[in-house]
1. Out of Leu169, Leu165, Leu138, I need the residue that is in contact (Cβ under 8 Å) with a residue 12 or more places away in the chain and either surrounded by fewer than 18 Cβ atoms within 10 Å (Cβ to Cβ) or assigned by TED's automatic domain parsing to the domain that holds Tyr123 (or both). Which one?
2. Quick one: how many residues across the range 113-133 are crowded, with 19+ Cβ neighbours inside 10 Å and more than 12 Å from Phe92 (Cα to Cα)?
3. Read through the list (1) farther than 19 Å from Phe93 by Cα; (2) small (Gly, Ala, Ser); (3) assigned to a helix (DSSP H, G or I), then give the number of the only condition that Gly139 fails.
4. Does any residue in the range 86-112 that is assigned by TED's automatic domain parsing to the domain that holds Phe60 come within less than 9 Å, Cβ to Cβ, of a residue that is among the charged types (D, E, K, R) and crowded, with 17+ Cβ neighbours inside 10 Å six or more places away or on a different chain, and which pairs are these?
5. Working carefully through the options Asn216, Asn175, Asn209, find the one that is within 30 Å of Ala116 (Cβ to Cβ) and either modelled with pLDDT under 85 or more than 12 Å from the chain's Cα centre (by Cα) (or both).
6. Can you name the residue in the range 10-39 that is touching an Asp or Glu at 6+ places or on another chain (Cβ under 9 Å) and not in a strand (DSSP E or B) and, of all such residues, is modelled with the highest pLDDT?
Amino acid sequence: MDKNLLKNQHFRDMILSVIFGLLSALLSLVKFNIPGFTAAISSLNEIPLLISVFYLVNPFYLIISVVISALTTPEQGSIYSTILMHAGGLAFFGTYYHLLLKRLTDEIIRSILLCALGIVIYYTVFLVPIFIITNQLLGLNNTDFIPFYKELGQSLHFELVTSLLVVTLFLIQFNYSKRLKKYSTKLEDVVSERTEELRSTIEELNHANEELTSMNDGLDLMVKNRTEELEERNYQLTEYAFINSHLLRAPLARVLGLTDLIRMETTDPKTQDLMDKLFNSCEELDEIIKLMSTQLSDGSILNSAQKEDLKNRINEIIAQRDNLS
């Protein structure tokens, strides 16, 4: 069955009215004959009709329940009388419930007492009087109203008490069911709200995690690039240190050796003086090369202080050589 059809209030009321009408007709089979009255029969068919008031939003559909219930009216009775007395009584009880009892769902004791009062009024003021009047109008009974009312009222004690107990207890259960449904709806709303908040928080955390991951990836790339750059610089410095300490000093060593041989072989004072100066300059250059090789051999980049220190040490070497000269 279509769910939208089940949610339709008119369709729902129509189905419920048929169900309660059938229940009333079924319970009418439980009959209690009223002594002295041929057409008067008491049964439990009032209970489903009274309970139907709690469920049917539109009171118009009570007529359907009344008509279905009246179909079981005995042959000696009148279906019109049955319809009229139930229609009048349910019109009162339905108005009574929607205007008063429906507002007392949280006040159990008051709702029980007022429900019992409404059922008593339903029987004593509407059901029995309308039954007597319609039966007299239809010629089914010629007994005077007061004696007929007293005798009929005495014979309905069991039905009245049964209806009081069943309907009032059902009202308690009905009210608790409505409250439970209301709390369940509120709980579902709270859970839905908290779930939405949790989902939003999770989305924010996921977004922040994605940003953090992106930043970490960028940082890793920067570190990797910088590391590669530093490794390249260090490699170049190491290569330069190797060239400086080996390839450059090799020819310088040969110059020093040749200069020393010339100094030993020459007898010309002027040439001797020039060779001495050349030898000293070569030694000075050799010390500078060795000093730079020492600084660069670890592959590190010289900072400003280290550069200044290297410069000062080179100047000291030059000054010492000048003093020796």
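1. Checking each option against the conditions leaves just Leu138.
2. 4
3. All conditions are met except number (3).
4. His86/Glu46; Gly89/Glu46
5. Result: Asn175 is the single residue among Asn216, Asn175, Asn209 that is within 30 Å of Ala116 (Cβ to Cβ) and either modelled with pLDDT under 85 or more than 12 Å from the chain's Cα centre (by Cα) (or both).
6. Here is the first cut: in the range 10-39, the ones touching an Asp or Glu at 6+ places or on another chain (Cβ under 9 Å) are 24, 27, 32, 34-37.
Subset that is not in a strand (DSSP E or B): 24, 27, 34-37.
Details: Ser24: 90, Leu27: 87, Ile34: 53, Pro35: 54, Gly36: 52, Phe37: 48.
Within the range 10-39, the match that is modelled with the highest pLDDT is Ser24.
The values are calculated or read from the model by the stated rules, or taken from the named source; none is laboratory data. In this text the structure is predicted, and so the values were computed from the model without any measurement. FYI the Cβ positions are ideal-geometry reconstructions off the backbone, even for glycines, and counts take in every protein chain you see.
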